[in-house]
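Reviewing the structure listed below.
The values are calculated or read from the model by the stated rules, or taken from the named source; none is laboratory data. Just so we're clear, the structure is a prediction, and the values are computed from it rather than from any experiment. Note that each Cβ is placed from the backbone with ideal geometry, even for glycine, and that neighbours are counted across all protein chains shown. Calculation scope for accessible area: heavy atoms of the full protein, side chains included, ligands and nucleic acids excluded. Shrake-Rupley method; radii C 1.70, N 1.55, O 1.52, S 1.80 Å.
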Amino acid sequence: MSAGMPPLWYVAYGSNMSAARLGCYLTGGRPMGGLRSYPGCRDGRPPRRSAAVLVPGGVYFAGESRAWTGGMAFYDPELPGTAAARAWLLTSEQFADLAAQEMYRSPGADLAGVATAVATGRATLGPGRYETLLRVGTRDGLPMLTFTAPHHAGDVEWNAPAPAYLGMLAAGLREAHGWPVERIVDHLSGLRGVAGRWERTAVADLVATC
């Protein structure tokens, strides 16, 4: 990855919508309720800006998180509707280090896939979770990138997220979009992996405490 690459927008649709959660990737540490500590990025400065965004597609929960237990949030651009997310303006190096930590790799090894994803819209860095980089749009003339699994929502069994993890999503939605409790509850309750696995009243109780 070239050191001269411009900044980009990292589009977070899961727990990284929460500023506190993202901070653990940038400066290191363990998020509240999490089981894993993170080394942080080479450049630990906070994002230059953030913005509430909606991107085409949807979010679902699958697999088993080693950091939270329960299902992990993934983005599928082919799902109907729009996914509520938060865009963080980062340097390309910060995004590379953040993505590396999500992939259980060490930060500091440049990811050539970042440039590929910017240029072509997609880069597959491995078969595992969060090893597929996607360009989901542009904002202020800069690319918007996220990472997800290589499969689609219909290819895997959905799995309910853990309370601590779902609570991070709720906090991030409130921070980014300013939604009231009822709208956050409606949104989360309808996501694949939550619907039919979490009672709406339980989601409401969780959101009310975040």
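Each Lys and Arg adds +1 at its Cβ and each Asp and Glu adds -1 at its Cβ; summed about the Cα centre, the chain shows a dipole of about 380 debye. Annotation note: GluC sites (Glu not before Pro) in segment 20-101 located in DSSP loop regions with a Cβ neighbour count of at most 13 within 10 Å are Glu64, Glu78. What the Cα convex hull of the chain gives, in volume per residue, is 107 Å³.
When the Cα positions of Ala204, Ala87, Gly40 are compared along the charge dipole of the chain, Gly40 comes out farthest toward the positive end, with charges on each C-beta of Lys, Arg, Asp and Glu. Using just the C-alpha positions of segment 148-205 as equal point scatterers, what log10 of I(q)/I(0) does the Debye formula give at each q in 0.15 1/Å? Reported log10 I(q)/I(0), two decimals: -0.46. Phi angles of segment 160-167 translate, via the Karplus equation with coefficients 6.51, -1.76, 1.60 and θ = phi - 60°, into HN-Hα couplings of 5, x, 6, x, 4, 6, 4, x Hz per residue; Gly and Pro are given as x.
Computed over every Cα-Cα pair of segment 60-136 and binned at 5 Å starting from 0, the pair-distance distribution P(r) comes out as 3, 13, 21, 26, 22, 12, 2, 0 percent.
Using a 1.4 Å probe, what is the accessible area per residue for the chain, in Å²? Let's see the in-between values first.
Numbers: 8740 Å² over 210 residues.
Each residue of the chain exposes 42 Å² on average to a 1.4 Å probe.
Highest GNM mean-square fluctuation among Gly172, Gly190, Gly70, for the chain modelled with Cα contacts below 10 Å: Gly190.
Within the P(r) computed for segment 7-93, what percentage of the Cα pairs occupies the region above 15 Å?
On the way: 2347 of 3741 pairs.
The proportion of pairs with Cα distances above 15 Å equals 63 percent.
Residues whose amide H falls under 5 Å from that of Gly121, counting only those 5 or more places apart or on a different chain, are Arg135, with hydrogens built in the peptide plane. The separation of segment 1-65 from segment 130-178, counted between C-alpha centres, amounts to 10 Å.
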